[in-house]
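Undergrad: Pasting a structure below so you can have a look.
The values are calculated or read from the model by the stated rules, or taken from the named source; none is laboratory data. Just so we're clear, the structure is a prediction, and the values are computed from it rather than from any experiment. A quick note on method: Cβ atoms are made from the backbone with ideal geometry, for glycine too, and the neighbour counts reach across all protein chains shown.
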Amino acid sequence: MENNLNEQILDKLTKVCLCNAIPRIKIKNAIRNGALTVEEIKKVTGSGSGGCSGKRCTPKIQDLINTYLEKQWE
Ligand code: FES
């Protein structure tokens with residue numbers, strides 16, 4: 001329970017896409033809503049369109065998808 005709460009707080013504070021200030025919670029919610037490719041997530045969340053053109057956030061988004069598919073979080 002406490003770990004879950006800490007995870008939720010960190011999800012709100014941690015930016016996956018630094019250029020566009022997109023928090024991890026937004027990426028996770030997109031995945032939960034069925035966006036299971038990096039391209040879909042970029043389209044839904046607006047990540048990947050910043051100054052680095054997704055160079056920094058694309059691997060992090062892919063990691064979140066992979067982790068979700070391995071059922072490490074619901
Ligand atoms: S970190 Fe996402 S576009 Fe640069």
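Undergrad: Check residue 16 against each of (1) farther than 16 Å from residue 71 by Cα; (2) more than 14 Å from the ligand (Cβ to nearest atom); (3) of a type in the set (Val, Ile, Thr) and name the one condition it does not meet.
TA: Going through the list (1) farther than 16 Å from residue 71 by Cα; (2) more than 14 Å from the ligand (Cβ to nearest atom); (3) of a type in the set (Val, Ile, Thr), residue 16 breaks only (2).
Undergrad: Right, here's the next one. State yes or no: is residue 60 modelled with pLDDT of 95 or more, away from the ligand (no atom under 16 Å from the Cβ) and in contact with a strand residue (DSSP E or B) (Cβ under 7 Å, 6 or more places away or on another chain)?
TA: It is false that residue 60 is modelled with pLDDT of 95 or more, away from the ligand (no atom under 16 Å from the Cβ) and in contact with a strand residue (DSSP E or B) (Cβ under 7 Å, 6 or more places away or on another chain).
Undergrad: Hey, another quick one. List the pairs whose first member sits in the range 3-19 and is at pLDDT 95 or above, whose second member is assigned to a strand (DSSP E or B), and whose Cβ atoms are under 8 Å apart, counting only residues at least 6 apart or on separate chains?
TA: Filtered contacts from the range 3-19: 11/23; 12/23; 13/23; 14/23; 15/22; 15/23; 16/22; 16/23.
Undergrad: I'm checking my understanding of the structure. Among residues of the range 1-24 that are loosely packed, with under 11 Cβ neighbours inside 10 Å and polar (S, T, N, Q), which one is farthest from residue 47 (Cα to Cα)?
TA: Checked the range 1-24; the qualifying residue farthest from residue 47 (Cα to Cα) is 3.
Undergrad: So how many residues does the range 39-67 have that are more than 9 Å from the chain's Cα centre (by Cα), β-branched (Val, Ile, Thr) and more than 11 Å from residue 16 (Cβ to Cβ)?
TA: Within the range 39-67, residues that are more than 9 Å from the chain's Cα centre (by Cα), β-branched (Val, Ile, Thr) and more than 11 Å from residue 16 (Cβ to Cβ) number 2.
Undergrad: Say whether the condition of being in a helix (DSSP H, G or I), modelled with pLDDT of 95 or more and either polar (S, T, N, Q) or at positive phi (or both) is met by at least one residue in the range 23-43.
TA: Within the range 23-43 (the criterion being in a helix (DSSP H, G or I), modelled with pLDDT of 95 or more and either polar (S, T, N, Q) or at positive phi (or both)), the answer is yes, since at least one residue qualifies.
Undergrad: While we're on this one: Name the residues in the range 33-64 that are out of contact with any Gly (no Cβ under 8 Å at 6 or more places or on another chain), closer than 25 Å to residue 3 by Cα and either in contact (Cβ under 8 Å) with a residue 40 or more places away in the chain or buried (at least 19 other Cβ atoms within 10 Å of the Cβ) (or both), would you?
TA: Answer for the range 33-64, where residues must be out of contact with any Gly (no Cβ under 8 Å at 6 or more places or on another chain), closer than 25 Å to residue 3 by Cα and either in contact (Cβ under 8 Å) with a residue 40 or more places away in the chain or buried (at least 19 other Cβ atoms within 10 Å of the Cβ) (or both): 60, 64.
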